[in-house]
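Structure, as structure tokens:
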Amino acid sequence: MSGDAAKDGAPGPIRRICIVGGGTAGWIAAAVLAHQYQGMIEVDLVESDDIGTVGVGESTIPPFLQLLAGLGVSESEFVMATQASFKLGIGFEDWGGPGHRYFHPFGTIGQMANARDFYQIWLRAAAGGEAPPLLAFAPAHAMAEAGKFMLPFKAPDTPIAGASYALHVDAKRVARFLRGFAEERGVTRHEGIVTEVATRPDGFVDRVILNDGRSIAVDFFIDCSGFRALLIGKTLGVGYTDWSHWLLCDRAVAVQTENVGPPPPYTLAVAQPAGWRWRIPLQHRTGNGHVYSSAHMSEDEATALLLDQVVGETVTNPLPLRFTSGVRERGWDKNVLSLGLASGFIEPLESTAIHLVYRGMEYFLRFLPGTDCAPELADEYNRRVTADYEEIRDFVILHYCLTGRRDTAFWRACVDMELPPSLAQRIALFRINGTIPEHVDPLFRSVSWQALMDGLGVRPRAYHPAIDRVAAGEVNRELGAMADALAGFVATLPAHEAFLARHCPAPAP
Ligand SMILES: Cc1cc2nc3c(=O)[nH]c(=O)nc-3n(C[C@H](O)[C@H](O)[C@H](O)COP(=O)(O)OP(=O)(O)OC[C@H]3O[C@@H](n4cnc5c(N)ncnc54)[C@H](O)[C@@H]3O)c2cc1C
């Protein structure tokens, strides 16, 4: 084992890390380590072309761009290399019944007035019948609806300045791009299948042994082996907290199609009898999938329903996938950190899985242990990561539990279920006067919760009394002008497709 013991008896620093798995998670971990610790930590990555990757994580959320910026990667080069398109949020169709639509926009909704939350000001005006719909103030929604796109930071002091965005990406190309990035910075890739994991007497992992007899012994391991969870689950026996009684969907079938028409700048999520269907447009093809509950629908039915609804010729065969929403009881145990699907998975409605990979990496490097892997550091890591998973779990359940749909057994089960207490309390607080308890360092800020609650028809009984300190008449009159100014400005922007063609066109594959 490598790693020096410091002279005073303190543990030596970690000198060598082995990542098991080369999907999106493995290569993100490798890229971040190589970028931040080149020359200090030697990184090996084992992956197997024979096993392959899940390869369907194609919708990201805004912090993904911070990952790229942190790595010093040019956003436009990345867009071109991964066939990416821009994503301004998620459009939800039929969730409250046929024809019902709502939208989760990235970025702001309206602007604060006199240091008061915009939502509360809007709520008062809406109660008096004097306000345009809440989404009329969301710049990301306005652009998405109009099929327009502009980088918000290139338009400061305009009505779209508060918008935010993410990317739709080709998952395989993302892993390839990050692999190139990491290998250029010294990461050593080993092609092979890990067939054995040897442990030390204290239970720490000592080495992984490959099918051709090679073995890799290092100080610390990162398990990115996907649902197999080779090290964290199979070897260390760390359990999995199963949330499938709250998140009923446990299967998906994915298929790619040719693009028909320009790619819309948002992910589409259309409710189905036993789940929902995604559409993720890239520059030269579209990703589609049907996420469903196997207790309520068979694979054949789910596949037929998907193929019946996709637009454009299919270019791949339908790919079936299985998962269980939940989280590893301890994502970091002894000298093994798990990331990606090995550490947990919340069904993909809010496309948060890739985010949790670099979030996990960020926490890990914040707490970076020595070779003793102090359990206190792991405890703190696990507390933070579990809180993130629980926040996302509640946000995703919200989409299902508030629809009021009772037309199929699946939707009745969603509406009738007993909610996690944290979510039940959140909804109850919101119903009183729009109060939203924010998590420490939350992923979904108040505006996201407000957009969802409003989209699903939850209106607080009253606005917060403090709003009466803001004079009603003039402010309410300004709301109409604000919405008009946003719509007028968005009309002047380039179409999403034209923006891509001008600034970051991906060559046809
Ligand atoms: C239906 C579905 C939709 C999704 N949509 C999204 C989305 O829109 N947005 C999002 O952010 N995320 C999404 N995800 C999640 C996303 O796909 C994953 O989080 C992401 O791809 C990371 O996967 P991974 O790298 O952990 O695992 P994998 O892609 O499964 O990679 C596992 C790696 O481990 C290697 N491996 C396994 N066993 C061995 C072994 N014995 N020896 C050597 N190597 C081994 C494999 O070769 C592979 O390289 C979705 C997931 C599913 C199931």
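The values are calculated or read from the model by the stated rules, or taken from the named source; none is laboratory data. None of the values given here were measured: they were computed from a predicted structure. Please note: Cβ atoms are built from the backbone with ideal geometry, for glycine as well, and neighbour counts cover all protein chains shown. Only protein heavy atoms, including side chains, enter the accessible area calculation; ligands, DNA and RNA are left aside. Shrake-Rupley method; radii C 1.70, N 1.55, O 1.52, S 1.80 Å.
Mind running the shape call on segment 397-509? Use the C-alpha gyration tensor, a ≥ b ≥ c as the square roots of the eigenvalues: rounded below 1.5 for a/c, prolate if a/b tops b/c, oblate otherwise. Verdict is oblate for segment 397-509.
Can you give the accessible area per residue of the chain, in Å², using a 1.4 Å probe?
Values: 20600 Å² over 509 residues.
On a per-residue basis, 40 Å².
For a label point 7 Å from the Cα of Thr188 along Cα→C-beta, name the residues of segment 27-46 whose backbone N is under 15 Å from it. The answer is 39-46. With the simple spin-label model, which puts each label point 7 Å out from Cα in the Cβ direction, the Glu196 to Arg214 separation comes to 1.7 nm. Give me the distance in nm between label points sitting 7 Å out from Cα along the Cα-to-Cβ direction at Ala424 and Arg459, one decimal. Calculated label separation equals 2.7 nm. What FRET efficiency, computed as 1/(1 + (r/R0)^6) with R0 = 25 Å and r the Cβ-Cβ distance, is obtained for Gln36 and Asp372, rounded to the nearest 0.05? Efficiency at R0 = 25 Å is approximately 0.70.
Sort Lys148, Lys154, Lys172 by heavy-atom solvent-accessible area, probe 1.4 angstrom, most to least.
Numbers: Lys148 40, Lys154 135, Lys172 110 Å².
Highest to lowest solvent-accessible surface, that is Lys154, Lys172, Lys148.
Could you compute the net charge surrounding Tyr102? Neighbours are other residues with a C-beta less than 15 Å from the C-beta of Tyr102; K and R count +1, D and E count -1. Before the final figure, lay out the partial values.
Values: positive: Arg101, Arg405, Arg459; negative: Glu93, Asp94, Glu145, Glu350, Asp454.
That works out to -2.
Excluding Thr316 itself, what net charge comes from residues whose Cβ is under 14 Å from its Cβ, given Lys and Arg +1 and Asp and Glu -1? Each step should come with its number before you reach the end.
Working: positive: Lys172, Arg285; negative: Glu58, Asp170, Glu258, Glu313.
My count for the surroundings of Thr316 gives -2.
Relative contact order for segment 70-229: 20 percent, from Cα pairs under 8 Å spaced at least 6 residues apart, divided by residue count. A Förster distance of 51 Å, applied to the separation of the beta-carbon atoms of Arg406 and Thr492, puts the FRET efficiency at 0.70.
Taking all protein chains as shown and a probe of 1.4 angstrom, Glu258 keeps an accessible surface of around 90 Å².
Charged neighbours of Asp170, selected by a Cβ distance under 12 Å, balance to +3 (K, R count +1; D, E count -1).
The calculated FRET efficiency for Asp242 paired with Arg383, based on their beta-carbon distance and R0 = 25 Å, is about 0.80. Among the protein heavy atoms of segment 251-322, carbon and sulfur supply 49% of the accessible surface, probe 1.4 Å, non-protein parts ignored.
A full extension of the chain between Arg477 and His439 corresponds to an added length of 10.3 nm, given 0.36 nm per residue minus the alpha carbon distance.
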